[in-house]
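Student: Quick one: structure below, then a few questions.
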Amino acid sequence: MKLEFFQIRVGRREGPFDLFHTIRKALEENGVSLKEGDVLIISSKFVSMSQGRLVSLRDVVYGKEAEELGKKYSIPPPLMELIMRESERLIGGVPRFVLTYRNSTLVPNAGIDRSNVKDGHVILPPKDPYEVADVIRLSFLVELGTRVGVIISDSGLLPGRRGTIGLAVGVSGIRPIKDERGKMDLFGKPLRATVRAIADELCSSAQLLMGEAGESTPVVLARGEGLWELIDEEMDEREMAVDPDICVYLRGIANGMAGEGMKRYDHL
């Protein structure tokens, strides 16, 4: 099996724009033709830009709760107000960062970003990323007759690890997980809990080409016959989500806080 990635460079965009036609034009300008089974991985920030989600902090009206939480976590009240609006839950935080739950994903500061935008501005996470992915996929199917998968990718963190990885926040046309349970390992033992996050794995690989600074590569095309399954059914975040009550990290941390807290061992 062979896996290939193609960088799709796009000039800087700041205002609302037509996402599909911008990507289609960029594919042509980069000399890349779509093939059946390809997967387009699109930066969530690029999607947000297309939706006009750039916000001036000066224009944000904030309340008393945002002021109090902002003081607690050393976050400017206007930004804290936006974090509250974009979050389903606020779990806790450290100076400058609040851990939030949004679209069934743990994410610092609700995914609001201050990099690669004008001073005094932030960019909010995209609205309805699964719907966006659907529209892009179906548009390529209708206009080119090509069946592809589409993934909206964002930067994320792993507990206890330094640095960002790619995470899928919207998926269409590709099965985002692959259930390996029941398969045999090298010693003939059946796998009991292994479910591969195919969409997240593709996002992390694409992140190497997208970068995090001024690379101007908001789209990456992945090509790999037999490495993923194309589907036509609609999906939402529940396809990849784990309920917070059974999440290993969230439940483990909650149990530790309710009991003896974090134990430290010095023998390692």
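Student: Assuming 0.36 nm per residue, please report the length gained on full extension of the stretch Lys189 to Thr146 beyond their Cα-Cα distance.
Tutor: Details: separation 43, 0.36 × 43 = 15.48 nm, distance 4.04 nm.
So the extension gain works out to 11.4 nm.
Student: What order, most packed first, do the peptides 138-145, 165-172 have when packing is the mean number of other Cβ atoms within 10 Å of each residue?
Tutor: 165-172, 138-145
Student: Separate question: Give me the number: length gained by fully extending Val135 to Leu3, i.e. 0.36 nm times residue separation minus the C-alpha to C-alpha distance, one decimal in nm.
Tutor: On the way: separation 132, 0.36 × 132 = 47.52 nm, distance 2.54 nm.
Stretched out fully, the Val135 to Leu3 stretch lengthens by 45.0 nm.
Student: Also, quick follow-up: With a 10 Å radius around each residue's Cβ, average the other Cβ atoms per peptide and rank 199-205, 89-95, highest first. Mind showing how you got there, number by number?
Tutor: On the way: 199-205: 22.7, 89-95: 12.7.
Order by mean packing, descending: 199-205, 89-95.
Student: Right, here's the next one. What FRET efficiency do you get for Arg12 and Arg58 if R0 is 30 Å and r is their Cβ-Cβ distance, rounded to the nearest 0.05? Present the calculation step by step, with values, prior to reporting the outcome.
Tutor: Details: r = 22 Å, r/R0 = 0.74.
After rounding, the FRET efficiency stands at 0.85.
Student: Please get the size of the charge dipole for segment 17-59, origin at its Cα centre, with Cβ charges of +1 on Lys and Arg and -1 on Asp and Glu, quoted in debye to the nearest 20. Spell out each step's value before the answer.
Tutor: Details: 6 positive and 6 negative charges, 43 e Å.
With only Lys, Arg, Asp and Glu charged at Cβ, the dipole is about 200 debye.
Student: Roughly how big is segment 110-149's charge dipole about its Cα centre, with Cβ charges of +1 (Lys, Arg) and -1 (Asp, Glu), in debye to the nearest 20? The partial results should precede the final answer.
Tutor: Values: 5 positive and 6 negative charges, 16 e Å.
Roughly 80 debye for segment 110-149.
Student: Using 0.36 nm per residue, how much length does the chain from Leu158 to Arg251 gain when fully extended, once their Cα-Cα distance is taken away? Show your work: numbers first, answer last.
Tutor: Details: separation 93, 0.36 × 93 = 33.48 nm, distance 1.54 nm.
Answer, rounded to one decimal: 31.9 nm.
Student: How are the Cα pair distances of the chain distributed, in percent, across 10 Å bins from 0?
Tutor: With 10 Å bins starting at 0, P(r) equals 6, 27, 32, 22, 10, 2, 0.
Student: Still on this structure, please answer the following. With the dipole of the chain worked out from charges on the C-beta (+1 for Lys and Arg, -1 for Asp and Glu) around the Cα centre, which of Leu34, Asn255, His121 lies farthest toward the positive end?
Tutor: Going by the charge dipole, the pick is Asn255.
Read-outs throughout are calculated quantities, based only on the coordinates presented, and are distinct from any laboratory measurement. Computed from a predicted structure; not experimentally measured. Neighbour counts run over all protein chains shown; Cβ positions are idealised from the backbone, glycine included.
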